[in-house]
1. So residue 63 passes all but one of these: (1) among the small types (Gly, Ala, Ser); (2) farther than 16 Å from residue 114 by Cβ; (3) part of a loop (DSSP other than H, G, I, E, B). Which condition number does it fail?
2. Those residues that are farther than 23 Å from residue 338 by Cα and touching a residue at least 12 places away in the same chain (Cβ under 8 Å), I need them from segment 125-144; list them, please.
3. Within segment 231-324, which helices (runs of 4 or more DSSP H) (wholly inside it) include 3 or more residues that are of a type outside the set (Asp, Glu) and within 28 Å of the chain's Cα centre (by Cα)?
4. Counting only residues that are more than 15 Å from ligand 3 (Cβ to nearest atom) and over 21 Å from residue 97 (Cβ atoms), how many does segment 134-144 have?
5. Could you please find all residues in segment 161-174 being surrounded by fewer than 22 Cβ atoms within 10 Å (Cβ to Cβ) and either closer than 21 Å to residue 70 by Cα or within 16 Å of ligand 2 (Cβ to nearest atom) (or both)?
6. Say whether the condition of being surrounded by fewer than 23 Cβ atoms within 10 Å (Cβ to Cβ) and either within 19 Å of residue 203 (Cα to Cα) or at pLDDT below 95 (or both) is met by at least one residue in segment 10-18.
7. Just to be sure before I move on: is residue 198 assigned to a helix (DSSP H, G or I) and of a type outside the set (D, E, K, R) in the structure I sent?
8. Within segment 361-379, can one find any residue that is within 11 Å of ligand 2 (Cβ to nearest atom), assigned to a strand (DSSP E or B), in contact (Cβ under 8 Å) with a residue 40 or more places away in the chain and within 15 Å of residue 232 (Cβ to Cβ)?
Amino acid sequence: MSTLLSTLRLICGDSHVLTHDDPGTDLSAWELDWRKRIRGRALAVVRPGNTQEVADVVKACAAAGTAIVPQGGNTGLVVGGVPDDTGTQILLSLGRIHTVRGVDPANLTITVEAGCVLQNLQAAAEAAGFLFPLSLGSEGSCTIGGNLGTNAGGTQVVRYGNTRDLCLGLEVVTAQGEIWHGLSGLRKDNTGYDLRNLMIGSEGTLGIITAATMKLFPQPAAQLTAWAAVPSMQAAVDLLGLVHQRLGPGLTGFEVMGQFALGLVDKHYPQLRVPLWKETPWCVLLENSDSESEGHARGQFEALLEAALEAGYASDAVVAENLSQAKGLWHIRESITLAQAEEGLNIKHDISIPVSRIPAFVAETDALLAQEVPGVRMVNFGHLGDGNLHYNVQSPEGADGKAFLQDFEDKVNTLVFDQVAKFDGSISAEHGVGELKVGKLPLYKDPTALAMMRAVKKALDPKNLMNPGRVLS
Ligand code: FAD
Ligand code: MLT
Ligand code: ZN
């Protein structure tokens, strides 16, 4: 082992190979997952400074038979980016490889290194006069490499798609330590298997993404945000249908938030002043991005909301007067995850269901859960425009979080995933499988698809050294 560490120090420099033996070194930032579910123990945290160093690190680990866990911002929610507890794995942090390599305005692309924090990528696009639309509550610390690794979704998917839809080309270090130079900005390329899309969403189990060429979009002329109280989940789905009709491609965000979820934000962050939540079971946050003007957007939005109130799809609504109010409304939505973490340990889901079937799914599954876990509190919110719910389960008031997870996590997951299967959905719409869902995947994934996944893994990573135990067990 010490030979491997010496080699890694030669490749990256002494100060970029951190171990528990280094006096005063705390590796928690890399070893503890965001939800504080798992604390792993790495043989070393290795921080290469460029793609060639990543390739050299991978080659050295392959020769030593040592497993590698790639990590970006460590904001993943399914325990995919932290090492296991054996003390034998290398945690490979992409944090030092974060340069924006270039913007190509004529081809509407930006090429950026994997460790670039999403917010910095958004800012680089904006500075060049463009929009990079991927947007998540964790954007201040997650990286584009992690976004690609998980095929992250977020709040703009209804218009722009998920991370996969935004990517044109990749640079990847394979499990053998070879560099695949796939940074194409081409929008069309039918020369064989789609390796780019195979790597995206593979959660570090097939290779290490070191850079990507991403799509840019024109900035909208105006962007308006509204917050509406809606009387039922069915009304929220009906409102979504109306909004699609009225706004067409102008609809860039459509989020639903349950009363209990908003109550947690109000409880833990009262300064955020959550609107309209007390008298309604659901609120909806919607965004209209207009290519003409603010006046056009406002006129269209006001007519839409009037129609929604008339049809009974909404009982009340507010439209943000300016950018700062709009940001405030989005901030409330994005604080639900943090408020839920403040409330204590919980069971998270990021399921997807055909939008039209969500009301029946929620009514039926809520009732089943109430029977299974007396006093259960549902933190239900998410990207309704994409049919993606964060159908999260909080322990009963006053219950011990750890005991709750021990007694109920598996039962609750089985109940929810069986319901998801019944409603033709997916057990993960955006967070991925990681370690938390690895045992469940074989129960819900088509067996032929699973066999093909195993064959791909075996072909690309025959020694099973790339993030072993994640996605596939
Ligand atoms: P990490 O957590 O470091 O890693 C995630 C996975 O990707 C791991 O399996 C890791 O091994 C792999 N990986 C990381 N870098 C690479 C690389 N360079 N090459 C190959 N594999 C790699 N997710 C959503 O989809 N939508 C949301 O709306 C959303 N909101 C969130 C809000 C909050 C407050 C938080 C804490 C998380 C949220 N997430 C959301 C989850 C998380 O932010 C995303 O999964 C994000 O894409 C992870 O990026 P990261 O850089 O932190 O990756
Ligand atoms: C979000 O949309 O805020 C995250 O994906 C959520 C979560 O489950 O906390
Ligand atoms: Zn989400």
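1. All conditions pass for residue 63, except number (3).
2. 125, 126, 128, 129, 130, 131, 132
3. The qualifying helices (runs of 4 or more DSSP H) are 233-247, 259-268.
4. Qualifying residue count for the region: 0.
5. Scanning segment 161-174 gives 161, 164, 169, 171, 174.
6. The answer is no; no qualifying residue exists.
7. Values: assigned to a helix (DSSP H, G or I): yes; of a type outside the set (D, E, K, R): yes.
Against the criterion (assigned to a helix (DSSP H, G or I) and of a type outside the set (D, E, K, R)), residue 198 qualifies.
8. Start the filter on segment 361-379 by keeping residues that are within 11 Å of ligand 2 (Cβ to nearest atom), which leaves 379.
Imposing the further condition that a residue be assigned to a strand (DSSP E or B) reduces the set to 379.
Remaining after also requiring in contact (Cβ under 8 Å) with a residue 40 or more places away in the chain: 379.
Then keep just the ones that are within 15 Å of residue 232 (Cβ to Cβ); that gives none.
Looking through segment 361-379, none of the residues is within 11 Å of ligand 2 (Cβ to nearest atom), assigned to a strand (DSSP E or B), in contact (Cβ under 8 Å) with a residue 40 or more places away in the chain and within 15 Å of residue 232 (Cβ to Cβ).
The values are calculated or read from the model by the stated rules, or taken from the named source; none is laboratory data. These figures come from a predicted structure and were not determined experimentally. Positions of Cβ are generated from backbone atoms using ideal geometry, with glycine treated the same way; all protein chains shown enter the neighbour counts.
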